[in-house]
Amino acid sequence: MSLIKSVSGIRGTIGGKSGDNLTPNDIVSFVSAYGNHLLSKENTPKVVIGRDGRISGQMVKDFAINTLQALGIDVIDLDYSTTPTVEMYVKSSGASGGIIITASHNPAEWNALKFLNHLGEFISPDIGEEIRKMAELGCPDVVYADVMKLGQVTSISDAIDQHIRAILDHPLIDAKKIASANLRVVVDCINSTGSISLPPLLDALGVKHVLLNDDMSGHFAHNPEPLPAHLTALCEAVKTHHADMGISVDPDVDRLALVDEKGVFFGEEYTLVCVADYVLKHRKGSVVTNLSSSRALSDLAENFGVQCFFAPVGEVHVVTEMKNRKAVLGGEGNGGIIDPQLHYGRDSLIGVALILMHLATCGKTLSVLKTGYPAYEMVKDKVAFDPSNSPQSILDRVAEHFKNENLDVRDGLKIDLANGWVQLRKSNTEPILRIYAESKTIEEARVLVDKVKALI
């Protein structure tokens, strides 16, 4: 069906032909290329591996571990885990890198390998391109270890506990204050590793919770992307249980979407805005998001007297910009929260804790908080795209039409207008062109999207 090679790794559907889908050959080639890169930097590298709850996760993990062992590389196996947990464990353990086995928000037939550096951050575009080229050539120069030098595997079971303890030690988190607020939440765990990470976090914070879809089977109860159409059961459960908030995460727990106390979708775009509202009250400094995210964060930052900077889509680009700007907070409008006081990675667990602190200390409900934020409406659309063709001719055609406007070409094409913006870009994770537009009303945003689609 699909195989997508990007700077951070490889993603595809399970089964089918090598090179067209994510097959054992593709897994071994990319892990071999990644391992060879590590071996070029040090003699005895060690790699942390973790996976989400997908049905194919054990199989993909076994291929990855066996390949690393064959290269003579030791492995720390976290098994079921979350993306942010793996990222943090790479750094705390002093490992050389990490592999996260997850296709994030993609449906169950997908899986992926995401490669980390020694800081627990996604590898750079240059290194990613080096690995991709080597894997596509079949790794002809890779030398595997002899039988007496095979890598060893160590299993670790408390990585999520360590992650939670680090959140409890965060300077902006006070578990006693959260517990005293007597909050109740409903959590949609999507039958993946949210079910082994969110409940212990909420227990540690003294928050009552009701769990949905928490059987860890990997059979996702609905489309795993945390969008309004997929979260109707969560919205109803919040009202049924008279909860203060609904929480939805994707299968690897790096994206966070909220439902307010009325059972109304809060909006992925406003997760980062709400967290920033709390953080900037306590820590002044710049914030960073990507070019596809709402202007609401920029407006909020201006109200606090700080700057908001924009980076190309992708965690590695946002993190790079955060470091360059010494930002106190960053993230993406898809519900990704990056708090550098914890680590440089999207993390739903710290996002949940910061939101709970906000609710516990401000005396307002989630719906009331949102009424105080800049109001924008966004339309997210897409069109199918043949990966074998270059999208540049399409971008050039649209750019020509809007040549008198403010154009940003760092990530596809973004057109900033007086009444909003529209962006056209090739997806990093799916064979599609994404068209996002934002304006003060949904009708105005839809007009912008339809205008670009007409040009295409």
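List of remarks:
- Residue ID - surrounded by the fewest Cβ atoms within 10 Å (Cβ to Cβ), chosen from residues in segment 134-167 that are assigned to a strand (DSSP E or B) and polar (S, T, N, Q): S155
- Hits in segment 253-265 (condition: surrounded by 24 or more Cβ atoms within 10 Å (Cβ to Cβ) and among the acidic types (D, E)): D254
- Summed over segment 3-36, residues that are part of a loop (DSSP other than H, G, I, E, B) and either more than 19 Å from I65 (Cβ to Cβ) or touching a residue at least 60 places away in the same chain (Cβ under 8 Å) (or both) total 7.
- Options G72, G35, G98, G128: the member that is under 20 Å from the mean Cα position of the chain (by Cα) and at pLDDT 95 or above: G98
- Checking G120 against (1) under 25 Å from the mean Cα position of the chain (by Cα); (2) farther than 30 Å from H37 by Cα; (3) outside any helix (DSSP H, G or I), the condition it does not meet: (2)
- For D161: the one exception among (1) under 14 Å from T82 (Cα atoms); (2) touching a residue at least 60 places away in the same chain (Cβ under 8 Å): (2)
- Of all residues in segment 101-117, exactly one satisfies the criterion of being assigned to a loop (DSSP other than H, G, I, E, B), more than 14 Å from the chain's Cα centre (by Cα) and of a type in the set (A, V, I, L, M, F, W, C), namely A108.
- Selection of segment 164-193 for residues being over 23 Å from L329 (Cα atoms), out of contact with any His (no Cβ under 7 Å at 6 or more places or on another chain) and touching a residue at least 60 places away in the same chain (Cβ under 8 Å) yields S180, A181, L183, D188, C189, I190, S192, T193.
- Pairs with Cβ under 8 Å, 6+ apart, first in segment 433-455 and under 21 Å from L297 (Cα atoms), second part of a helix (DSSP H, G or I) and of a type in the set (D, E, K, R): I435/K453; A437/R446; E438/R295
- Some residue of segment 322-330 being touching a Leu at 6+ places or on another chain (Cβ under 6 Å), crowded, with 22+ Cβ neighbours inside 10 Å and farther than 24 Å from N191 by Cβ: no
- Scanning segment 413-424 for any residue that is modelled with pLDDT of 90 or more, acidic (D, E) and either under 22 Å from the mean Cα position of the chain (by Cα) or more than 28 Å from E321 (Cβ to Cβ) (or both) turns up nothing.
- Top-ranked residue in segment 370-403 [being small (G, A, S) and part of a helix (DSSP H, G or I); ranked as modelled with the lowest pLDDT]: S393
- Test: residue in segment 219-230 that is at pLDDT 95 or above, assigned to a helix (DSSP H, G or I), farther than 14 Å from D252 by Cα and hydrophobic (A, V, I, L, M, F, W, C): no
- Subset of segment 201-217 (residues that are part of a loop (DSSP other than H, G, I, E, B) and of a type in the set (D, E, K, R)): D214, D215
- Within segment 358-369, considering residues that are over 27 Å from the mean Cα position of the chain (by Cα) and not in a helix (DSSP H, G or I), the one surrounded by the fewest Cβ atoms within 10 Å (Cβ to Cβ): G363
- Qualifying positions in segment 181-204 - among the charged types (D, E, K, R) and within 18 Å of the chain's Cα centre (by Cα): D188
- Matching residues, segment 236-252, being out of contact with any Leu (no Cβ under 7 Å at 6 or more places or on another chain) and crowded, with 20+ Cβ neighbours inside 10 Å: V238, A243, D250, P251, D252
- Residue in segment 414-426 that is in contact (Cβ under 8 Å) with a residue 60 or more places away in the chain and not assigned by TED's automatic domain parsing to the domain that holds V449 present: no
The values are calculated or read from the model by the stated rules, or taken from the named source; none is laboratory data. Note that the structure is predicted; figures quoted are calculated from it, not measured. When we count neighbours, we look across all protein chains shown, and the Cβ atoms used for this are built from the backbone with ideal geometry, even at glycine.
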